[in-house]
Amino acid sequence: QVQLVESGGGLVQAGGSLRLSCAASRNILSIDVMGWYRQAPGKQRELVATLTRGGSTNYADSVKGRFTISRNIAKNTVYLQMNTLKPEDTAVYYCNAVSSGDQYWGQGTQVTVSS
């Protein structure tokens, strides 16, 4: 079992930055993959970025060069640094963990980018 708690969402103007945090209830090195997904109103949930136990990262094309996923192992926390935000980045952002074939989700945090 893994509990995930996100924080850091909010309202920001286009071109601004936000950093999301996801605190896990256990050692994140025991988790196969951690990631961030987002869901905009009326749209399906989509992958934003992932980070494997070994440190490999993957990004959606729409956020490459603007978003960075990272982790603090001592704090069991994964971050999503979001720069040069655009109105189309507006969504609820969810933290995700995959461990031994099981998938876990956080409660989500709202990010709103105004134009």
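The values are calculated or read from the model by the stated rules, or taken from the named source; none is laboratory data. Computed from a predicted structure; not experimentally measured. Don't worry about glycine lacking a Cβ; one is built from the backbone with ideal geometry, like all the others, and counts go over all protein chains shown. Ligands, DNA and RNA are stripped out before the accessible areas are found, and what is left, the full protein with its side chains, is counted by its heavy atoms. Shrake-Rupley method; radii C 1.70, N 1.55, O 1.52, S 1.80 Å.
If I build a Gaussian network model for the chain, linking alpha-carbon pairs within less than 10 angstrom, which residue out of Gln103, Gln13, Gln44 has the largest mean-square fluctuation?
Gln44
Kindly report the accessible area of the chain per residue (heavy atoms of protein chains, probe 1.4 Å, no ligands, DNA or RNA), in Å².
On the way: 5810 Å² over 115 residues.
With all protein chains present, the chain gives 51 Å² per residue.
What is the set of long-range amide H partners of Gly108 at a cut-off below 5 Å, with H atoms built 1.01 Å from backbone N?
Amide H to amide H, under 5 Å and 5 or more residues apart or across chains, Gly108 pairs with Glu6, Cys95.
Compare Gly35, Gly65, Gly101 in a GNM of the chain, Cα atoms joined below 10 Å, and give the one with the largest fluctuation.
Its mean-square fluctuation being the largest, the pick is Gly101.
Calculate, in nm to one decimal, what Arg26 and Ser114 gain on full extension: separation in residues at 0.36 nm each, minus their alpha carbon distance.
The Arg26-Ser114 span can extend by a further 28.1 nm.
Charges at C-beta only: +1 for Lys and Arg, -1 for Asp and Glu. How large is the resulting dipole of the stretch 43-98 about its Cα centre, in Debye rounded to 20?
Details: 8 positive and 4 negative charges, 36 e Å.
Once rounded to the nearest 20, the dipole reads 180 debye.
Quick one: pull the percent of accessible area on the stretch 18-115 belonging to carbon and sulfur, 1.4 Å probe, ligands and nucleic acids left out.
Numbers: 2220 of 4810 Å².
Whole-percent figure for carbon plus sulfur exposure: 46.
Under unit Cβ charges (Lys, Arg +1; Asp, Glu -1), what dipole magnitude, rounded to 20 debye, does the chain have relative to its Cα centre? Don't skip to the answer; put the middle values down first.
On the way: 11 positive and 7 negative charges, 41 e Å.
I would put it at about 200 debye.
Along the principal axes of its C-alpha atoms, what lengths does the chain span, in descending order and rounded to whole Å?
That gives 40, 26, 23 Å along the principal axes, largest extent first.
Based on DSSP loop calls and a cut-off of at most 11 other Cβ atoms within 10 Å, the longest stretch of the chain free of exposed trypsin sites (Lys or Arg not before Pro) is what? Kindly include the intermediate steps, with their values, before the conclusion.
Numbers: sites that count: Lys43, Lys64.
Longest stretch, sites excluded: 65-115.
Please work out the FRET efficiency for the pair Ser7 and Ala60, using the Cβ-Cβ distance as r and a Förster radius of 25 Å; give the result to the nearest 0.05.
Working: r = 22 Å, r/R0 = 0.87.
Here the calculated transfer efficiency is 0.70.
Roughly speaking, what is the stretch gain from Thr68 to Arg53, that is 0.36 nm per residue apart minus the C-alpha to C-alpha distance, in nm to one decimal? Can you show the working numbers first?
Numbers: separation 15, 0.36 × 15 = 5.40 nm, distance 1.60 nm.
Length gained, Thr68 through Arg53: 3.8 nm.
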